[in-house]
Every structure is written in structure tokens, then in C-alpha cells.
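Before any comments, here is the structure.
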Amino acid sequence: MIVAIDGPAASGKSTTAIGVAKSLGITYLDTGAMYRAVTLGLIENNIKFEDSLELKNYLIQIKLEFAEDKSGTLLFLNGSNVTKKIRTSLVTKNVSEVSALKIVRKFMVDIQREIAKNYDCVLEGRDIGTVVFPNADFKFFLVANEKSRAKRRFDDLSKSGLLDSIGLDDVLKDLNKRDYKDSTRRNSPLKKAYDAKTIDSTNLTINEVIDKIVNIINKKRTLD
Ligand code: CDP
């Protein structure tokens with residue numbers, strides 16, 4: 001079973017997807033973390049995003065591994081733990097440029113399909129219901145108004161000590177900029193799949209969103 005959860009930045013996809021996966025007892029995959037990790041790797045190795053040969057050479061040797069510990073899901077890039085580094089503003093500012101590159105998307109989508117082929121899986125991202133798994137069993141598109149998305153992201157960054165002294169307004173600007181880039185790119189833009197169910201989480205708690213999704217899935221499963 002594949003559950004696709006797409007939506008704009010900071011719409012609550014990660015927390016929701018983790019909760020849904022836990023409640024159903026299935027695997028969870030954060031595809032945004034993968035694009036963030038590639039972006040970090042390119043920056044750390046001084047690879048220019050437009051240098052297609054260097055980019056390809058970097059991508060073919062990349063190793064991404066997810067692991068669990070008591071703090072949650074960890075991500076390792078070529079053996080090093082990048083869980084926190086991929087959330088820094090440097091990566092956030094560059095990730096939309098990197099994720100718009102066709103070759104990067106091809107590599108990431110192949111890995112995502114490979115991981116999900118062996119497991120029941122909740123995948124969250126921007127193009128899961130449209131491109132990665134257009135035949136997903138369940139598709140959701142999470143939205144929330146920009147004020148609450150900015151507030152949530154501001155609180156998350158502040159809790160993890162990653163705020164870099166920027167204010168709520170800057171967080172909001174960054175989210176809008178990224179959503180604009182993600183939805184207007186040529187390759188796999190951020191878009192609701194025609195058959196996805198939209199859930200507006202503005203006035204819902206994360207647990208209410210999780211319950212809503214889990215109920216829809218369980219109801220359909222008992223009918224099948
Ligand atoms: O958590 P947040 O909503 O800030 O974003 P994310 O899920 O960590 O994704 C970071 C970036 O990766 C997005 O802004 C997109 O540029 C890119 N992304 C993508 O292109 N396709 C996906 N399936 C997931 C993320």
C-alpha cells in the first residue's frame with residue numbers, strides 16, 4: 001500500500017506522515033529530506049549546480065540511509081549524520097534550485113520507488129501523487145494558511161536552535177519564495193494530483209489531521 005502526502009512548505013506533511021505511518025504500522029519516507037541532503041552534499045563539495053558532469057559524478061556515488069533512534073528518523077549521507085544540517089537556512093535557501101534539476105529528480109525518484117517497492121509506505125513530498133506514485137492507493141494534499149505555516153516553521157526552527165536570528169516575516173517570505181519556485185518549475189512541479197483529497201490543517205491539530213487520514217484509509221480498507 002502506498003499513501004502519498006503532498007503539499008506546500010511547512011504544511012505539516014512530515015509530522016502528519018510520521019503519525020499516519022506509526023498508526024498504520026508502516027514505513028515512512030521523507031522525500032524532502034533527500035533533496036535537502038543532495039543540496040548539502042553539493043554545497044559541501046563545492047559542486048556548481050549547473051555543472052552537469054560534476055553533478056552526475058556526485059549523484060552516482062551518493063548513499064542515503066535512513067535510521068531510527070529515540071529522537072526520531074535520522075538521515076545519513078555517505079555515512080555521515082546530516083539530520084540537523086539539512087535543516088539549516090543555507091540548505092533551505094538552495095534546495096529548490098537543486099530539486100528543479102531533471103537529473104537530480106531522476107536519481108531521487110528511482111531511490112524512492114526502490115525503497116517503497118518492498119514495503120507499505122507513507123511518502124511525503126511535492127510530486128508523490130503526481131509523478132512518483134501516480135497509482136498510489138491513497139493521495140492527500142495538505143494545505144494551511146500562510147500565517148499558520150510560518151508560525152509552525154518559526155517554532156520548529158526556534159526549538160532546534162536553527163533560527164539564525166531571522167524573524168517570523170522572513171520565515172514567511174522564505175516559505176512563499178520556495179513554494180513559488182517549486183510550483184513553477186518545469187520538472188515535477190508542486191501540484192495537487194487531480195484525485196488527491198485536500199486537507200486544510202489551518203484549524204486542526206496535527207492529531208486531528210492524522211486521525212482524519214487514518215480513518216479514511218481504514219474505512220476504505222475494511223470495505224475492500
Ligand atoms: O519541510 P518543508 O516543507 O520545508 O520542505 P521539505 O519537504 O523538506 O522539502 C524541501 C524541498 O525539497 C522543497 O522545497 C522542494 O524544493 C524539494 N522537494 C521536491 O522537489 N520534491 C519532493 N518530493 C520533496 C521535496
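Numbers for the structure displayed
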| quantity | calculated |
| --- | --- |
| Residue satisfying all of: in region 102-127; within 13 Å of Ser52 (Cα to Cα) and surrounded by fewer than 19 Cβ atoms within 10 Å (Cβ to Cβ); nearest to the ligand (Cβ to nearest atom) among these | Lys102 |
| Residue within region 80-99 that is more than 25 Å from Ser158 (Cα to Cα) and part of a loop (DSSP other than H, G, I, E, B) present | no |
| Filter result for Lys139 (modelled with pLDDT of 95 or more, among the basic types (Lys, Arg) and open to solvent by 40 Å² or more (accessible area, probe 1.4 Å)) | no |
| Flag for Ala10 being in a loop (DSSP other than H, G, I, E, B), within 24 Å of Pro189 (Cα to Cα) and either touching a residue at least 40 places away in the same chain (Cβ under 8 Å) or out of contact with any His (no Cβ under 7 Å at 6 or more places or on another chain) (or both) | yes |
| Of all residues in region 72-89 being touching a strand residue (DSSP E or B) at 6+ places or on another chain (Cβ under 9 Å) and away from the ligand (no atom under 14 Å from the Cβ), the one that is farthest from Leu59 (Cα to Cα) | Leu74 |
| Residue within region 184-198 that is open to solvent by less than 70 Å² (accessible area, probe 1.4 Å) and without any contact (Cβ under 8 Å) to a residue 40 or more places away in the chain present | no |
| Criterion: open to solvent by 50 Å² or more (accessible area, probe 1.4 Å), at negative phi and within 11 Å of the ligand (Cβ to nearest atom) - qualifying residue of Glu97, Glu50, Glu54 | Glu97 |
| Any hit, region 33-40, residues being of a type in the set (Val, Ile, Thr), within 16 Å of the ligand (Cβ to nearest atom), open to solvent by 50 Å² or more (accessible area, probe 1.4 Å) and at negative phi | no |
| From the options Val214, Val171, residue that is touching a helix residue (DSSP H, G or I) at 6+ places or on another chain (Cβ under 7 Å), without any contact (Cβ under 8 Å) to a residue 60 or more places away in the chain and either part of a loop (DSSP other than H, G, I, E, B) or not small (Gly, Ala, Ser) (or both) | Val171 |
| Unique residue being out of contact with any Ser or Thr (no Cβ under 6 Å at 6 or more places or on another chain) and modelled with pLDDT of 95 or more when the list is Thr83, Thr88 | Thr83 |
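The values are calculated or read from the model by the stated rules, or taken from the named source; none is laboratory data. Keep in mind it's a predicted model, so treat the numbers as computed, not measured. Counting neighbours? That spans all protein chains shown, and the Cβs are built from the backbone with ideal geometry, glycine included. These area figures cover heavy atoms from the full protein model, side chains too; ligands, DNA and RNA do not enter into them. Shrake-Rupley method; radii C 1.70, N 1.55, O 1.52, S 1.80 Å.
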